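Nothing in this text is a laboratory measurement; each read-out follows from the coordinates by a stated rule. Keep in mind that what you see is a predicted model, and the values were worked out from it rather than measured. We place every Cβ from the backbone using ideal geometry, glycine too, and count neighbours over all the protein chains shown.
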Amino acid sequence: MNNLFDHERMIDVGPHEFRRSVQRLLLQNDFDVFSVDGPGDGGGDLYCEKNSERWIIQSKWKKNGKVGPKVIEEILKARVKYDAHQSIIVTNQIFSGTTITRAAQLQGEGLKLDLWTGSNLRQFNRESPVWRTQKTLRPYQNLAFQELQKDLSDNGRALLYLATGMGKTVVAGAVIRNLIAEKPNAKVLLLAHMNELIEQLQKALWEDLPLHVMSQIVNSDNAPDLLDGLTVATNLSIEKYIDAGYKPDLLIIDECHHIGKNNTYRKIISKLSEVPILGVTATPWRGDRFQIETIFGKPSYTCGIEEGMKKGYLSPVDYRLYCDNINWEIVPELSRNEYSIKQLNRKLFIPQRDEQIVDALIETWIEESTPKCIVFCQSVVHAERMHKKLVAYDRWKTAEIIHSKLKKNERRMALLRFRSKECPVLVAVDILNEGVDIPNVNIVCFARVTHSRKIFVQQLGRGLRVADGKVKVTVLDFAADTRRLASIYNLQSAVQKTDPIEDVELKDNKIHFKDERAKSLIEEWIRDAADLETLDQESRLQFPQVTLN
């Protein structure tokens, strides 16, 4: 039975899940919907786009009673804030007579304002497609799905390594859809480590659920009584439900590289030891060297960046390294001493001045017809300084900044504007590492130092997604280290091999050095230390004698 907006359920779910149910219904009907709910939302809860029109929706959940006329003034402010064409106030209860009269007056003046109640939603719901058309899986996604299904059936364990931008959530969604088709009352638990990530995952997986299958979030703000259908939860919030007897038919752990030797994830897995478990990640490495394969077994399917590029499912990379300020007088000393990676990176690569970053960004900017750029900075202070420099230029005056010290709604709005045409540049500090999908990014600027292979691959992945009209992603690296260079060289070498994989025309990936002397030096060292990319920070390295003209 299609019961998404049954009256009793709408009373039980609370304000947050009511808003998400409205969002799910609109997505089912081909709206592009984003939640903007939170402090500073200006009276808006959902921002929607359809047929080039902007809608702003205010969600009013009430345990009982009527919705008074105050909401009219709130939605009028939100309409201005979001420059919306259409305004909607939606409630699970009913509106007061005064509210209805005021809305009718504004409608008579030509304002597009509607009031939706539970009965409107139920009618809308009955007329909606019961199940959206399933996405057509790419060949490698279908193969991954088949292998995951086999391992889950045979072993109760499955592990997927799929590079950022290649659709690991799409494949996980296919597994969920298949389970529900076979067992309509199945319960699925999907765990992630961040609140913002679980909201993105729930939204992405709605299209794999028929509308009668419930979906809810469990985190510090949401503690629903009933966990039917799909539950998307943080690892820190679900334990009490498990202790109370909740047992899903399938456990999925997103970004499963966060599983450690003795952390909360391990406790949950132990408590649900009889439940089939699927782990998915794009970056399987951990700093503590714990191997997640001890939990899941060998990967059911793996497709990394190299193979993704060969198949044409990830964007080619034009990698530009800026290291003009190498102190060439110390190079002979470097080549004679056994430096660790940490010492080498500190001595060889010095972060460039912000002015040079801006100059190089301008030079790259004019090469693109529709440039879209993310600048990764080292700290909040650095990001604020860089943002201030960028907005001084007319072409970047609408640049946005995003970091953990901003309020949740401020981060959401910055991302929303960056998704649109109005904002060409986003300055970020680490917060974009996981769970963000903006395919048309074609410039990635590393203005920060990171010795983490995982963070580097995650941030590079923000530009690897393919999009209509996108030819490549240009990477500007002002703070590279030797392992980062090794990673790029290994990637270039792997992708440029002539062995064909599918009938896809390969496009060369390129590495450009601002100083060719640096190129010859680095190439020599990488050849000498083939496993440089995965060596520990404290590993001592022997380098050949290098002569520079």
Worksheet item: With the Cα gyration tensor of the range 387-428 giving a ≥ b ≥ c as the square roots of its eigenvalues, does the rule (a/c under 1.5 for rounded; else a/b larger than b/c for prolate; else oblate) give rounded, prolate or oblate?
Response: oblate
Fill in: Nitroxide proxy distance, nm - points 7 Å out along Cα→Cβ at LYS408 and ARG266
3.0 nm
Practice prompt. Can you bin the range 7-127 into rounded, prolate or oblate? Criterion: square roots of the alpha carbon gyration tensor eigenvalues sorted a ≥ b ≥ c, rounded for a/c under 1.5, prolate for a/b above b/c, oblate for the rest.
Written response: rounded
Item to complete: Place a +1 charge on the Cβ of each Lys and Arg in the range 139-303 and a -1 charge on the Cβ of each Asp and Glu, then give the dipole magnitude about the Cα centre in debye, rounded to the nearest 20.
Response: 440 debye
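Past 18 Å, Cα to Cα: identify those pairs from LYS81/LYS112; LYS50/LYS77; LYS135/LYS310, in the order given.
The answer is LYS50/LYS77; LYS135/LYS310.
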Worksheet item: What size of dipole, in debye to the nearest 20, comes out for the range 1-97 about its Cα centre when the only charges are +1 on Lys and Arg C-beta atoms and -1 on Asp and Glu C-beta atoms?
Response: 300 debye
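Counting only DSSP beta bridges with both residues in the range 173-282, what percent are antiparallel, rounded to the nearest 5?
Values: 1 of 18 bridges.
Restricted to the range 173-282, the bridges split so that about 5 percent are antiparallel.
Please arrange THR234, THR281 by counting, for each residue, the other beta carbons lying within 10 Å of its beta carbon, fewest first. Mind showing how you got there, number by number?
Values: THR234 19, THR281 23.
With the fewest neighbours first, THR234, THR281 line up as THR234, THR281.
Quick check on my link table: of LYS271/LYS311; LYS372/LYS407; LYS168/LYS267, which ones sit more than 32 Å apart, alpha carbon to alpha carbon?
Working: LYS271/LYS311 40 Å; LYS372/LYS407 24 Å; LYS168/LYS267 24 Å.
Check vs 32 Å cut-off fails for LYS271/LYS311.
When LEU191, LEU209, LEU460 are ordered from fewest to most other Cβ atoms inside 10 Å of their Cβ, what list results? Numbers along the way, then the final one.
Details: LEU191 29, LEU209 22, LEU460 25.
Fewest-to-most Cβ neighbours within 10 Å comes out as LEU209, LEU460, LEU191.
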Worksheet item: Taking neighbour Cβ counts within 10 Å as the exposure measure, how do SER35, SER52, SER96 sort from fewest upward?
Response: SER52, SER96, SER35
